[in-house]
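Here is the structure we will look at, set down as structure tokens.
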Amino acid sequence: MTSTIKKTNTSITHEVNFDGLVGPTHNYAGLSYGNVASHQHAHVHSNPKQAAKQGLQKMHRLSELGLVQGVLAPQERPDMATLRQLGFSGNDAQVLEKAYRDSPALLAACYSASSMWTANAATVSPSADTQDGRVHFTPANLVNKFHRAIEHEVTGRILRRVFPDETYFCHHSALPSHEALGDEGAANHTRLCARYDRPGLELFVYGRSAFDSSQAAPKRYPARQTLEGSQAVARLHGLNESNTLFIAQNPAVIDQGVFHNDVIAVGNQNVLFYHQSAFLDTQSVLQQIRQKMPDTQLHFIEVAPNQVPLSDAIRSYLFNTQLVTLKSGHMALIAPTECAEISSVNAYLEQLPSLNTPIKEVHYIDVKQSMQNGGGPACLRLRVALNKAELAATNPACLMSQTLFNRLNRWIDQHYRDRLTLNDLRDPALLQESRTALDELTQILQLGGVYPFQR
């Protein structure tokens, strides 16, 4: 039974970015069909230590810019329970060796550190939008990819430890694990608002309808988010017609490698920044947003193909940048260094701050280890708008500080390898190294026993 809580002080002063730490088994197995970068770098050796430090440095940089920054723990990998469920038996070393011999693809899937892309972890609706005045979380079922579909149970457990107080936070289970209800979390969800403390408009972008075959759908790559999954999450969160909009993604861009909407569009407060080819019917989308936000001065920043070709937008992850509001009140883009290395994107971003929009700064960060596996700065974070009381009720050990930054750097240095190949996944020592690291991390972040090996 869902309780109804009267809204009192809903002054939302922060949109907190909770970034996922890159796990100790970060590798390039090329598991994500439809993700061009993932396939291009399949079987290349990875550097887990560098990947984790790049992600941590990004968190620290956001904190230095004056934003409240949070940390989310990774999944336990390898997922030994799933390997045993799939028929691999014996002790841990025997399970790993049998899986490597008989089905290396399954072993790689159960070793995937893709939880680092926390934009896929869940959909979050702030208390200003929901009927009961609480922040709602629904972990994504991620059914389109086996290696991600095994994440949501632990994801939900971690979120409950980071946001534990039921007075302020409402946690739902993931949607049923069926392709008709495909849900990829915040990667296909954004929120527009005049201010974080005011009711906003939640945009759910989907790639296909499971039950209406007359709707357009991609032909080459899968549409991971369904209309029906998006509608179910909106119902769970107590949203209504006035504060939701369901938008069809352009299937043609999905077929060119835009596997999530956050690869082609990003929104923040009163700004929607998008490529001209992002949506199936852009003019209708913009008109509906205006109709539902009549009192908000909206900024639609459309990038045309003659400014940035779609292929360059995908390679650079121009729209997988983080769009954030600074203390000054203006906005900044947090962009991967690849944006500065591709001429059309670099030229566009050089002139963007001079345009008549709220975006006045561009900050470049190095997240190459993530980019090579198909995730830019926006993939690495989950946005959670919190008022003062909700922020105070959040697990303080998971909020970035100089002390936590230093401690996590030491933790990475102690536990992470600087080179990992697919052949290393058969090594029982890697399993023990990962468990030792995660056990210590749960103490640092004061999470308790969230992992199967701890329970």
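The values are calculated or read from the model by the stated rules, or taken from the named source; none is laboratory data. These numbers come from a predicted model, not from an experiment. Methodologically, a virtual Cβ is constructed for each residue, glycine included, from the backbone with ideal geometry; neighbour enumeration extends over all protein chains shown. These area figures cover heavy atoms from the full protein model, side chains too; ligands, DNA and RNA do not enter into them. Shrake-Rupley method; radii C 1.70, N 1.55, O 1.52, S 1.80 Å.
What to note about this one:
- Overall form of segment 313-422: oblate. Here a/c, set by the Cα gyration tensor axes a ≥ b ≥ c, is 1.5 or more, and a/b is not larger than b/c.
- Cα shape, segment 68-173, gyration tensor, a/c 1.5 rule: prolate
- Placing unit charges on the Cβ atoms only, positive for Lys and Arg and negative for Asp and Glu, gives the chain a dipole magnitude near 400 debye about its Cα centre.
- Approximate spin-label separation Gln283-Arg220, in nm, with each point projected 7 Å along Cα-to-Cβ: 2.7 nm
- Note on segment 240-377: antiparallel DSSP beta bridges, both residues inside, total approximately 45 percent of the bridges counted.
- Taking a ≥ b ≥ c as the square roots of the Cα gyration tensor eigenvalues, the chain comes out rounded, since a/c falls below 1.5.
- Label-point separation, Gln414 to Asp102 (7 Å along Cα→Cβ), nm: 3.7 nm
- Of all DSSP beta bridges confined to the chain, the antiparallel ones make up roughly 50%.
- Estimated inter-spin distance, Phe146 and Thr421, nm [label 7 Å along Cα→Cβ]: 2.4 nm
- For the chain: relative contact order, % (alpha-carbon pairs under 8 angstrom, 6 or more apart): 24 percent
- Take Leu447: with every protein chain present and a 1.4 Å probe, its accessible area is about 0 Å².
- Checking every one of the GluC sites (Glu not before Pro) in segment 128-232 against DSSP loop status and a limit of 15 other Cβ atoms within 10 Å picks out Glu166.
- Efficiency of FRET between Ala180 and Ser343 - r from beta-carbon atoms, R0 45 angstrom, step 0.05: 0.60
- The alpha carbon centroids of segment 290-309 and segment 178-199 are separated by 18 Å.
- Cross-link partners of Lys292 among lysines (Cα-Cα below 23 Å; sequence separation of 8 or more within a chain): Lys7
- Stretch gain in nm, segment Gln57-Arg195, where the contour uses 0.36 nm per residue and the Cα spacing is subtracted: 46.9 nm
- Of Lys327/Lys388; Lys98/Lys145; Lys58/Lys388; Lys145/Lys368; Lys53/Lys368, pairs whose Cα-Cα distance is over 18 Å: Lys98/Lys145; Lys58/Lys388; Lys145/Lys368
- Note on the chain: helix-only mean residue ellipticity at 222 nm, from DSSP H runs of 4+ residues weighted -39500 (n - 2.57) and normalised by residue number, equals -9000 deg cm²/dmol.
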